[in-house]
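Undergrad: For reference, the structure I am asking about is given below.
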Amino acid sequence: MTARDNLTQIEGYDRVLDEVKTARRYGADYRTMKGEVARVLDLLHPKSLRLRVSEVIEETPSTKTLRMVSETGYLPPFEAGQYINLFAEVAGVRTSRPYSISSAPSETAYYDVTVRAQQGGFVSDHLLSRVKAGDRFEAAGPAGQFRYNPLIHGKELVFIAGGSGITPFMSMIREATDRGLDRAMHLIYGNRVEGDIIFHNELKERAARHKNFTYTPVISEPSKGCVALTGFMSAELMKKVLSGVQGKNFFLCGPGALYDFCMPELGKLGVPENRTRREMFGAPTDITADPGWPRGVKAGTRFSIKVKGKGDVSALAHEPLLVSLERAGFTVPVLCRSGECSMCRVKLLSGKVFQPRGAHVRASDLKYGYVHSCAAYPIEDCEVLL
């Protein structure tokens, strides 16, 4: 018996054949829709955006929000927690930085990008000191996996933020409170001093107006008369402000030191790692402080990077390979700049690089010699293929 003979034994087979004949005679001619799928995909996931700064909002003495509108009149949708990669030309170097969108997804007229001054910041200093209303930027479309999934994360969420790590949570909190979404959120937000707290007044107001949102600021170097909780976001502090951890999912975003401190503290509370989500937060401030960093290589040591067929680059040991390539004028596709998305992969032909914890290098990359250039630091002379 052939396969066709088997099909004829299925109930309704003849009816399906009749429907196929009818569809061929009277159905839609999809050839007229050629290119429609690509057009829709480009609307949802454009490769690049042309943005204009409509307003610069001072949040704290060291932090500003750049309100970005579209030059074309259209902004693609995003999920709260996602980021855009903003391109800028600084001192003759074209580079980029990912910034979480702090406005709510329901706000379709603009994206808010909130930037805090960083010590030795290359792009952040440029954005804070030089950018004004009317300036134009190119950006990649919204991306990132640090977002709420109702099928996985339940309805009880704890957000742990440090400094400018508040930005993805601000988008989540604004969305959930504005739309009255059925989820309980508790934000524990650490800063060094009271004046560093971003969105403080708005967070207090939203906590006062919405029963499903609780706000706990924590200050590590309090001034006299500080009314916030003081110290660090320890297990003891979290135990005091949370009504247990059972059934709760924890989201963390902030500098590397926040993860190094808070993850063990959550472990003390019995929070399993599969109920925590961490946002990538750019390159480490001091890569030489990483426990795996080779002791014989000092920060500031220069190495020669040969780019096969294209020239040589002088690279500093403590800077990501991507930065050295950009300084030399090479264009490398890039998105997250945190070792996660793999857009900036280059093939390491010879030499050695150091890749810190958190660099999500795939098994296939390891097998064929690719490294994420945003999370790879030269520790000897190298040759790479772009």
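Undergrad: Being over 26 Å from the mean Cα position of the chain (by Cα) and under 23 Å from ARG116 (Cα atoms) narrows it down to one residue among THR230, THR285; which is it?
TA: The unique qualifying residue is THR230.
Undergrad: Of the conditions (1) open to solvent by 100 Å² or more (accessible area, probe 1.4 Å); (2) in contact with a Leu (Cβ under 8 Å, 6 or more places away or on another chain), LEU49 satisfies every one except a single condition; which number is it?
TA: Going through (1) open to solvent by 100 Å² or more (accessible area, probe 1.4 Å); (2) in contact with a Leu (Cβ under 8 Å, 6 or more places away or on another chain) one by one, LEU49 breaks only (1).
Undergrad: In the list ARG31, ARG24, which residue meets the criterion of being open to solvent by 100 Å² or more (accessible area, probe 1.4 Å), closer than 30 Å to GLY141 by Cα and at pLDDT below 85?
TA: ARG31
Undergrad: Among the residues of segment 233-251, count how many are out of contact with any Gly (no Cβ under 9 Å at 6 or more places or on another chain) and touching a residue at least 40 places away in the same chain (Cβ under 8 Å).
TA: 4
Undergrad: Any chance segment 310-333 includes a residue that's among the aromatic types (Phe, Trp, Tyr), in contact (Cβ under 8 Å) with a residue 40 or more places away in the chain and surrounded by fewer than 21 Cβ atoms within 10 Å (Cβ to Cβ)?
TA: yes
Undergrad: Looking only at segment 331-352, count every residue that is more than 30 Å from PRO142 (Cβ to Cβ) and not basic (Lys, Arg) and tell me the total.
TA: Residues in segment 331-352 being more than 30 Å from PRO142 (Cβ to Cβ) and not basic (Lys, Arg): 4 in total.
Undergrad: Mind listing whichever residues of segment 1-40 are assigned to a helix (DSSP H, G or I) and over 51 Å from the mean Cα position of the chain (by Cα)?
TA: ARG4, ASP5, ASN6, THR8, ASP14, ARG15, ASP18
Undergrad: Could you check THR230 against (1) of a type in the set (S, T, N, Q); (2) within 27 Å of TYR83 (Cβ to Cβ); (3) open to solvent by 50 Å² or more (accessible area, probe 1.4 Å); (4) touching a strand residue (DSSP E or B) at 6+ places or on another chain (Cβ under 8 Å) and say which number it fails?
TA: Going through the list (1) of a type in the set (S, T, N, Q); (2) within 27 Å of TYR83 (Cβ to Cβ); (3) open to solvent by 50 Å² or more (accessible area, probe 1.4 Å); (4) touching a strand residue (DSSP E or B) at 6+ places or on another chain (Cβ under 8 Å), THR230 breaks only (2).
Conditions tested, residue by residue: (1) part of a loop (DSSP other than H, G, I, E, B); (2) within 15 Å of ARG50 (Cβ to Cβ).
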residue	(1), (2)
LEU66	no, yes
GLY73	yes, yes
PHE78	yes, no
PHE87	no, yes
SER96	no, yes
GLU107	yes, no
VAL115	no, no
GLN119	yes, no
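Undergrad: Give me a count of the residues in segment 344-386 that are surrounded by 15 or more Cβ atoms within 10 Å (Cβ to Cβ) and assigned to a strand (DSSP E or B).
TA: Qualifying residue count, segment 344-386: 13.
Undergrad: Here are some residues: CYS336, CYS341. Which one is modelled with pLDDT under 90, assigned to a loop (DSSP other than H, G, I, E, B) and closer than 30 Å to ALA184 by Cβ?
TA: Answer to the selection: CYS336.
Undergrad: Evaluate segment 207-225: report whether one residue or more is open to solvent by 20 Å² or more (accessible area, probe 1.4 Å), among the hydrophobic types (A, V, I, L, M, F, W, C) and farther than 17 Å from MET185 by Cα.
TA: no
Undergrad: Additional query: Based on this model, can you work out whether GLY282 counts as of a type in the set (Gly, Ala, Ser), at pLDDT 95 or above and in a loop (DSSP other than H, G, I, E, B)?
TA: No.
Undergrad: Filter segment 250-270 down to the residues that are modelled with pLDDT of 95 or more and either small (Gly, Ala, Ser) or surrounded by 21 or more Cβ atoms within 10 Å (Cβ to Cβ) (or both) and list them by number.
TA: Correct list: PHE250, PHE251, LEU252, CYS253, CYS262, LEU266, GLY267, GLY270.
The values are calculated or read from the model by the stated rules, or taken from the named source; none is laboratory data. These numbers come from a predicted model, not from an experiment. So basically every Cβ, Gly included, is an ideal-geometry build from the backbone, and we count neighbours across all protein chains shown. We work out accessible area using only protein heavy atoms, side chains counted, and drop any ligands, DNA or RNA first. Shrake-Rupley method; radii C 1.70, N 1.55, O 1.52, S 1.80 Å.
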